[in-house]
Amino acid sequence: MIQTHNLTKTFDKFTAVADLSLTVEAGEIFAFLGPNGAGKTTTMRMLACLIAPTSGQATVAGLRVGHDDDAIRARIGILTEAPGLYEKLNAVQNLDFFARLYGLDAATRAKQIARYLDILGLGERQQEPVGNFSKGMKQKLSIARALLHEPQVVFFDEPTSALDPESAKVVRDFIAELKSEGRTIFLCTHNLDEADRLADRVGVFKQHLIQVDTPENLRRKLYGQRVLFRVRDLTDASKRALAALAFARDIQFNGDTISIALDAPDEMTPRVVNALVDAGAALCEVRPERASLEEVYLDLVKTEPLQ
Amino acid sequence: MKPYRVFAVLRREMQEIVKSRGLLLAIFLPALFLTLLPLGGIAFLGRALDNVSSGDAQDFARLLTMMPELKTWSAGEVASYVILEQFLTMFLMMPLIISLSLASQSVISEKQTKSLEPLLATPIRTSELLLGKGLTAMLPALLATWVAFLIFLLAGRLLIDSPRVYSSLLQPKWLVAMLALAPLLSLLSVSITVVLSSRVNDARTVQQIGGFVVLPIVILGVAQTVGLLLLNVTTFVIGAIILAAADLLILRLGVRLFQREKILTRWK
């Protein structure tokens, strides 16, 4: 649904995005992670045909960026970082304006506006000036605005930033619902927990693409697969038994907890359990150790200085 | 160009104007002031006419040289004529001032509220957006100018005693002024606003800088009063041609400066 090949954007002498080659599949939630100034918003703006690439190619919904810009804009929805609403107008007037720009007829406009105001819980306050709305309500209204014309591809730039946890959850749930409708979602975010929960794949980006994979594969690539074993009264006999297991790598002890890197956890975990039990250990808990996406992200980004 | 998108912009801008006390004042205050002032002037002139001595007509000697038909008029009538001409010139400031206020508010407020990015992410073209905004600034300004001029003509019929003086209000040059110069002046305000908005961040600064465009009109009025220039149909038509050319140039510059990429990456 989205493809880029060596997509590059420079502003004067500053390179904001360098040689980005990326594929986002239809119906996928792709989280684009990176620190401030990494070029995430610039990438999103290029794909939304708001700014022109300096070099490279990109297609969105099968249409070429730089050639079919009007057609692309008609097929995408975008949630910008700032809501950018007309604060003197009410919710219906704000949405009606955008629905008209997308060329929706009167009946479709009315239906779509009512639908999204209802889904996003804004129906009761639809006649109030948007200036009276909370940040969360404005964000929801901006999301409704991005979806009125039922776009195939939706770009979200920091959709939950500055929202309270309750509003953030509503927005996250809604993004998940959009995926279930088969839309492709390109999510620029700092919120790693959000990316971890929502995204099928993440791209870690700092001017260029550092890594792209599923959150799980990224963890695996960086940290291998580790399994935690918690025993009661860890003894030297247990430690010796573990040391004797050739396949158990990088064994770390922390109190009664043992963390072991295993290449094939499904096959090797029972063998570790047997070894510990044979050594007389009282096994209390066995579970896979999962590095947070935050740890993965920080490890990836810290080695990549901004140019 | 899709007219429905232009109309959507126009419609939304009008909704905002109706809800903004400041913008409504920006339309009605100049219209009210520039209508009441000439009407008051006419009422005052009616009483003052009798007190003007025939010798005072010599003060307009140069004007009389350019307009020999006025030589048969009484001094009071010539004085009234000159002052009415001055007032009528002021009507040409109305489309300038009102359009400048509306256009600067329209463009700059989009900049300040960051509403341009979602707007530019729709299929709207820059030309459609600018046309919609331009019409928003021009239509109320022209409507206010024409209504004010009509009120002035109707009230003048009642307040001006001299038929010769009143008939001067019905000269073809004022038709040219209202139907050609007023729209072109209004467009000038819009074009200047578009150019300035690429460099300036608040509406007041745009209005202050753009306000200088009223100077040429004031100069024209004064030039006629002191007899340096005669404002007739020919000068108004020439003025309209020059203005149209200036509008075209400034508008082209404005459109060149008003580019999506620059707006999004350089407008702070």
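Which percent, nearest 5, of DSSP beta bridges in chain A are antiparallel?
Numbers: 36 of 54 bridges.
Rounded to the nearest five, the antiparallel share is 65 percent.
List the residues whose amide H sits under 5 Å from the amide H of residue A:209, counting only those 5 or more places along or on another chain, with H placed 1.01 Å from N in the peptide plane.
For residue A:209, whose amide H was placed from the backbone, the distant partners under 5 Å are A:21.
For region A:145-209, run through the GluC sites (Glu not before Pro) and keep only the ones in DSSP coil with at most 12 other Cβ atoms within 10 Å of their Cβ. Show your work: numbers first, answer last.
Working: sites: A:166, A:177, A:181, A:194; in loops: A:181.
Loop-located and lightly packed - A:181.
Using modelled amide H (1.01 Å from N, peptide plane; none on Pro or chain starts), what sits under 5 Å from the amide H of residue A:77, excluding residues fewer than 5 places away?
Under 5 Å from the amide H of residue A:77: A:153, A:154, A:155.
Pick from A:160, A:41, A:257: which is most flexible by mean-square fluctuation in a GNM of chain A where alpha carbon atoms under 10 Å apart are linked?
Result for chain A, Cα springs under 10 Å: A:257 fluctuates most.
In the Gaussian network model of chain B, springs joining C-alpha atoms below 10 Å, which of B:245, B:141, B:26 carries the largest mean-square fluctuation?
B:245
Alpha carbon centre of region A:93-157 versus region A:1-74: separation in Å?
So the two Cα centres are separated by 25 Å.
Give the percent of DSSP beta bridges with both residues in the protein assembly as shown that are antiparallel, rounded to the nearest 5.
In the protein assembly as shown, approximately 65 percent of DSSP beta bridges are antiparallel ones.
Apply the Karplus parameterisation 6.51 cos²θ - 1.76 cosθ + 1.60, with θ equal to phi minus 60°, to every residue of region B:128-140 and state each ³J(HN,Hα) to the nearest whole Hz, in sequence, with x for glycine and proline.
Running phi through 6.51 cos²θ - 1.76 cosθ + 1.60 with θ = phi - 60° gives 5, 5, 5, 5, x, 5, x, 5, 4, 7, 7, 4, x Hz.
Anyone know which of B:117, B:13, B:69 comes out most mobile in the 10 Å Cα GNM of chain B?
B:69
Counting only other chains, and only Cβ atoms inside 10 Å, what mean value do you get across the residues of B:13-21? Write out the running numbers ahead of the final one.
On the way: counts 2, 0, 8, 5, 1, 1, 7, 1, 0.
Shielding by partners across B:13-21 averages 3.
Among all the lysines, which ones have a C-alpha under 18 Å from residue B:2's C-alpha, if same-chain residues fewer than 8 places away are not counted?
Reachable lysines: B:133.
Can you compute 3J(HN,Hα) from phi for each residue in region B:67-81, using the Karplus curve 6.51 cos²θ - 1.76 cosθ + 1.60 with θ = phi - 60°, rounded to whole Hz and x for Gly and Pro?
10, x, 4, 7, 5, 7, 7, 6, 4, x, 5, 5, 4, 4, 4
Counting Lys and Arg as +1 and Asp and Glu as -1, each charge on the Cβ, what is the dipole of the protein assembly as shown about the Cα centre in debye, to the nearest 20? All intermediate terms of the calculation are to be shown ahead of the outcome.
Values: 61 positive and 57 negative charges, 205 e Å.
With Lys and Arg at +1 and Asp and Glu at -1, about 980 debye.
Which value in deg cm²/dmol, rounded to the nearest 500, describes the helix-derived mean residue ellipticity at 222 nm for chain A, given -39,500 (n - 2.57) per DSSP H run of n ≥ 4 and division by the residue count?
Values: 11 runs with 117 residues, N = 307.
Roughly -11500 deg cm²/dmol at 222 nm, from the helical runs in chain A.
Straight-line reach from residue A:302: which aspartates and glutamates have Cα under 17 Å away, leaving out those fewer than 8 places along the same chain?
Output for residue A:302: A:294.
Run the reach check for residue B:71 against lysines, Cα to Cα strictly under 25 Å, same-chain hits fewer than 8 apart removed. What comes back?
Hits, sequence-local ones excluded: B:173.
A 21 angstrom limit on the alpha carbon distance is what I want to check against. Which of A:169/B:111; A:9/A:135; A:88/A:111; A:40/B:114; A:138/B:111 exceed it?
Values: A:169/B:111 30 Å; A:9/A:135 32 Å; A:88/A:111 23 Å; A:40/B:114 18 Å; A:138/B:111 18 Å.
Pairs exceeding 21 Å: A:169/B:111; A:9/A:135; A:88/A:111.
Taking amide H positions as placed in the peptide plane 1.01 Å from N, state which residues far from residue A:289 in sequence (5 or more) or on other chains have amide H under 5 Å from it.
A:226, A:227, A:228
Can you compute 3J(HN,Hα) from phi for each residue in region A:261-275, using the Karplus curve 6.51 cos²θ - 1.76 cosθ + 1.60 with θ = phi - 60°, rounded to whole Hz and x for Gly and Pro?
Karplus-based 3J(HN,Hα) across region A:261-275 equals 7, 10, 6, 10, x, 4, 7, 8, 4, x, 5, 5, 4, 4, 4 Hz.
Of all trypsin sites (Lys or Arg not before Pro) in region A:246-307, which ones are in loop regions per DSSP and have a Cβ with at most 15 other Cβ atoms within 10 Å?
Working: sites: A:249, A:271, A:290, A:302; in loops: A:290.
Sparse-neighbourhood loop trypsin sites (Lys or Arg not before Pro): A:290.
Values quoted throughout were computed directly from the atomic coordinates according to the rules given, and no laboratory measurement underlies them. Just so it is clear, the model here is predicted, and its values are computed rather than measured. With ideal geometry, Cβ positions are generated from the backbone for all residues, glycine too; neighbour counts draw on all protein chains shown.
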